[in-house]
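To start, the structure itself, in structure tokens.
The values are calculated or read from the model by the stated rules, or taken from the named source; none is laboratory data. Everything numeric here is computed off the predicted structure, so don't read it as measured data. Here the Cβ positions follow ideal geometry from the backbone for every residue, glycine too, while neighbour counts run over all protein chains shown. Each accessible area value is taken on the protein alone, full model and side chains, heavy atoms only, with ligands, DNA and RNA left out. Shrake-Rupley method; radii C 1.70, N 1.55, O 1.52, S 1.80 Å.
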2 protein chains.
Amino acid sequence: MSEVKVEKNVYNRNQELAGQNRQRFQDAQTYVINMVSSPGSGKTSLIEQMGPRLTSAGSKVFVIEGDVETERDADRLRQLGIEAVQIQTHGSCHLDATKVAKVLAGVKLEEVDLLIIENVGNLICPTGFDLGEDLRVVVASTAEGDDKPVKYPAAYHKADVCILNKIDLLGHIDFDVQQFQSGARRAKPDLTIFHTSCRTLEGIELWCDWLRSRCG
Amino acid sequence: MSEVKVEKNVYNRNQELAGQNRQRFQDAQTYVINMVSSPGSGKTSLIEQMGPRLTSAGSKVFVIEGDVETERDADRLRQLGIEAVQIQTHGSCHLDATKVAKVLAGVKLEEVDLLIIENVGNLICPTGFDLGEDLRVVVASTAEGDDKPVKYPAAYHKADVCILNKIDLLGHIDFDVQQFQSGARRAKPDLTIFHTSCRTLEGIELWCDWLRSRCG
């Protein structure tokens, strides 16, 4: 079999399994978001803020953490009382629908209202792998520079929401917000963009309110 | 052919071609560095600083830029008078020895003393692909957080040098330099680590002096 054929098979099989995940999520009435970004954009810090805000008497949050190595991110969340399971990919550069299905086997999905999947830090490879999510969120740190959407357009094209994080650094770096946003909207004209900081908490409530209106 | 076999074939073929590149570099007496990092760590900004410092009457610098999309980085360098050629991978997540060999066909390597290859912004996939370089440099931005070496150990294990960039941000972010360095040295005990800022220029001369002593 040629490399191209093998690659096509991998994508096709993933799409089929993502469909099965999506059906399971719908049956359980679980809203699912898939967070994609470069390493160190602040996905886990965002989830630390989102978890307590989106958990209430009637709403349970569960997190799947994807990393190449370590249980660190899941540990960080558990310390805050957020239920989380860690997938360590041991070298693999993205999560896929199979990996997600495997960890879901041990989760009572019917009790989960919002499932947050934090993908492996990589702005390229996770793009092509549907996990069965309802919402794809691309997170960017201001420190990465305002040219990332034009250099990695697929990550933005495939996203429904963009979170521009670490906006507290704007006074200390060269970053043109307009340039960033126009690049992101060139890749995806109807992209919803939030600005957040996990240090000053600017924008966190707005993003959580918006998400609550979707999954509540 | 199974997926695993295809993958093994890809790596073996790359290794063979990297060997051919290495021979060509040695014959031309060209010293080659391969810079690997997350998107937005500041690789191009570093090269903007390195180019003029490492170019002299007797020493010519040439840059190969790797990006998923756009000629931006090569354009940035050309504007400073640094000779550069851009590889656009159009979705592919890393450079490989073949892509490098192809662009080298048009380069008079005998006239180049230092070839800088800026890999695609990705802390995972470029790790496994030798390009035939003399020196592998992993660049990290402080804004990415001090846990990146333990979460992406292969990138550090395969590197000879680590540049911790954007150290001007240290007062504005949560970052433990000791934690970062001990994580990096756990992956690669004899890793040489430089601290740099392309805004204050701290550490730039030291890194360029060290590199000059290697390739001069």
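Please go through the range B:199-216 and pick out each residue that is aromatic (Phe, Trp, Tyr) and surrounded by 19 or more Cβ atoms within 10 Å (Cβ to Cβ). Can you show your working first?
The first filter runs over the range B:199-216 and keeps only residues aromatic (Phe, Trp, Tyr), leaving B:207, B:210.
Passing the criteria: only B:Trp207.
A residue that is open to solvent by less than 20 Å² (accessible area, probe 1.4 Å) and over 18 Å from B:Gly42 (Cα atoms) can be found somewhere in the range B:190-198.
The number of residues in the range A:11-59 that are open to solvent by 40 Å² or more (accessible area, probe 1.4 Å) and among the hydrophobic types (A, V, I, L, M, F, W, C) comes to 2.
Does at least one position in the range B:170-182 carry a residue that is open to solvent by 10 Å² or more (accessible area, probe 1.4 Å), of a type in the set (Val, Ile, Thr) and more than 22 Å from A:Ile173 (Cβ to Cβ)? Scanning the range B:170-182, I find no residue that is open to solvent by 10 Å² or more (accessible area, probe 1.4 Å), of a type in the set (Val, Ile, Thr) and more than 22 Å from A:Ile173 (Cβ to Cβ), so the answer is no. The residues in the range A:76-103 that are within 11 Å of chain B (Cβ to nearest Cβ) and part of a helix (DSSP H, G or I) can be counted, and the count is 1.
Tell me, which residue of the range B:1-28 that is among the hydrophobic types (A, V, I, L, M, F, W, C) and within 14 Å of chain A (Cβ to nearest Cβ) is nearest to the chain's Cα centre (by Cα)?
So the first thing to find is which residues in the range B:1-28 are among the hydrophobic types (A, V, I, L, M, F, W, C), and the list is B:1, B:4, B:6, B:10, B:17-18, B:25, B:28.
With the extra rule that they be within 14 Å of chain A (Cβ to nearest Cβ), the set shrinks to B:1, B:4, B:6, B:10.
Numbers: B:Met1: 33, B:Val4: 28, B:Val6: 27, B:Val10: 21 Å.
Filtering first and then ranking leaves B:Val10.
Scanning the range B:137-162 for residues that are surrounded by 24 or more Cβ atoms within 10 Å (Cβ to Cβ) and either of a type in the set (Lys, Arg) or part of a strand (DSSP E or B) (or both) yields a count of 7. In the range A:105-121, of all residues being crowded, with 16+ Cβ neighbours inside 10 Å and out of contact with any Phe, Trp or Tyr (no Cβ under 9 Å at 6 or more places or on another chain), the one that is farthest from the other protein chains (Cβ to nearest Cβ) corresponds to A:Ile117. If you go through the range A:176-187 one residue at a time, do you hit one that is out of contact with any Asp or Glu (no Cβ under 9 Å at 6 or more places or on another chain), assigned to a helix (DSSP H, G or I) and under 23 Å from B:Leu164 (Cβ atoms)? Taking every residue of the range A:176-187 in turn, none turns out to be out of contact with any Asp or Glu (no Cβ under 9 Å at 6 or more places or on another chain), assigned to a helix (DSSP H, G or I) and under 23 Å from B:Leu164 (Cβ atoms). One residue alone among B:Gly106, B:Gly132, B:Gly171, B:Gly121 is part of a helix (DSSP H, G or I) and either of a type in the set (Gly, Ala, Ser) or modelled with pLDDT under 95 (or both), and that residue is B:Gly171.
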